[in-house]
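Asks: Here you go, one structure.
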Amino acid sequence: MTLIEKESPTRSAAVATMQAAVVHSFGEPLSLETKPIPTPGAAEIVVEIESCGLCHTDIHAAHGDWPVKPSPPFTPGHEGVGIVTALGDGVTEVAVGDRVALPWLGYACGTCEYCVSGWETLCPEQQMMGYTMDGGFAQYAKAYGRYVVKVPDGIDPVEASPLTCAGVTTYKAVKVAGTRSSDLVAVFGVGGLGHLAVQYAAIAGGRVIAVDIHDEKLELARELGAEFTVNALEEDPVTAIQKLGGADQAIATAVSPRAVEQAYGSLRRHGTLVFVGLPADNYVRLPIFETVLNGITVVGSIVGTRLDLREVFELHAAGKTRVILEERPLAEVNEAIADVDAGRVPARIVLRP
Ligand SMILES: [Zn+2]
Ligand SMILES: [Zn+2]
């Protein structure tokens, strides 16, 4: 935080400002700007951001890749973690000084049929951090007190960041997949999402097959609990996985329609394909005939609830998961985006303002 003195002959007002990375038009680099620190309205809080992961979604947001687009100018970031510095009227869920995570689901109505049945992530009134609300690529961010999740003591805030989207998203995907002990689970793509999906599938009791096109990522997947690995450049993952009996569940985190089609092809009868990653290219071709005759389930899974994120933090605090990340200064957000696009990062980049 810096204080800029406004020069005035009659008064001198101090305006508290912060740095934020802002998207002004799709496809252009983000601009680092000085903005006023937000002030909380009713039910809102302000959080001093310690770290915020860079998710593929932020890049798609900045490019305007998806059918539902954000409205520039906006600040991306939905893996923000930081300390609460101010409370608006009526906030009782958190206190100043608490460390909280600001996930994708920035707001939900709390009363619709989805909200009251445990599917707040499907609320039609929802607002999304870093998409319809300014997100965590800044020194401060505003959030709704009811929709942040406390980060338990003992969790490094930098590690909490990737858990806030990549973690909860894959944790939920494994829940949606219905993985039970002895199930064969194929995880397509071992990046920010996939390296956590491998771990949650193993925690659920699954025998994990990791599929990627980089040997070092497959090596990482083995370290994180994958029993089998397939390099899709060297062998056909469909053939390789069918040789193992076919996957009970396939979790598609790779942002490539081709990988999603391979994930479908790797299933055994009665298998389940979970769509998680969101490629800019929105369509895949799947056969109706085989889906019907083999009793295949295809299901989409979007992030997770506040309860899911609490469980993710609980597992991490208990030492059950590892987060692979690389820290970069927020000022290097554009270079970080270029490196993610080029596949030059191990799993997750976490930006620090
Ligand atoms: Zn994300
Ligand atoms: Zn709702």
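Nothing in this text is a laboratory measurement; each read-out follows from the coordinates by a stated rule. Remember, predicted model here, so these are calculated numbers, not experimental data. As a convention, Cβ positions derive from the backbone with ideal geometry for all residues, glycine included, and neighbour counts pool all protein chains shown.
Asks: Can you tell me the relative contact order of the chain? Whole percent, Cα pairs under 8 Å, sequence separation 6 or more. Spell out each step's value before the answer.
Replies: Working: 865 pairs, mean separation 59.0, N = 353.
Reported as a whole number, the value is 17 percent.
Asks: Quick check on the chain: take the gyration tensor over C-alpha atoms, sort the square-rooted eigenvalues as a ≥ b ≥ c, and tell me if it's rounded (a/c under 1.5), prolate or oblate.
Replies: Values: a/c = 2.04, a/b = 1.83, b/c = 1.11.
Here the chain falls in the prolate category.
Asks: In whole Å, what three semi-axes, largest first, describe the equivalent ellipsoid of region 153-205 built from its Cα gyration tensor (square root of 5 times each eigenvalue)? The partial results should precede the final answer.
Replies: On the way: eigenvalues 89, 28, 16 Å².
Semi-axis lengths for region 153-205 are 21, 12, 9 Å.
Asks: Two decimals is fine: what is log10 I(q)/I(0) at q = 0.10 Å⁻¹ for region 59-184, from a Debye sum with one equal scatterer on every Cα and no solvent?
Replies: Per q value, in the given order, log10 I(q)/I(0) is -0.35.
Asks: Picking from L163, L184, L233, which is most flexible by a Gaussian network model of the chain using Cα springs under 10 Å?
Replies: Of the options given, L233 has the highest mean-square fluctuation.
Asks: Further, regarding this structure: Neighbouring Cβ atoms within 10 Å as the yardstick, rank L30, L286 fewest first. Intermediate values should be presented prior to the final figure.
Replies: Details: L30 20, L286 14.
By the 10 Å Cβ count, ascending, the order reads L286, L30.
Asks: Rounded to the nearest 5, what % of the DSSP beta bridges within the chain are antiparallel ones? Spell out each step's value before the answer.
Replies: On the way: 35 of 63 bridges.
Beta bridges within the chain, antiparallel portion: roughly 55 percent.
Asks: What does the convex hull of the alpha-carbon atoms of region 257-353 project to on average, in nm²? Each step should come with its number before you reach the end.
Replies: Numbers: hull surface 35.4 nm².
Seen from a random direction, the Cα hull of region 257-353 projects 8.8 nm² on average.
Asks: Same structure, new question: With a Förster radius of 22 Å, plug the Cβ-Cβ distance of D215 and K175 into 1/(1 + (r/R0)^6) and report the FRET value to the nearest 0.05.
Replies: Working: r = 30 Å, r/R0 = 1.37.
E(calc), rounded to 0.05, equals 0.15.
Asks: Would you list which lysines come within 27 Å of K35, measuring only between C-alpha atoms, while excluding same-chain residues fewer than 8 positions from it?
Replies: K6, K69, K142, K150
Asks: Let me ask something additional. Under 20 Å Cα to Cα from K175, which lysines show up? Leave out anything in the same chain fewer than 8 places away.
Replies: Once the sequence-local lysines are set aside, what remains near K175 is K320.
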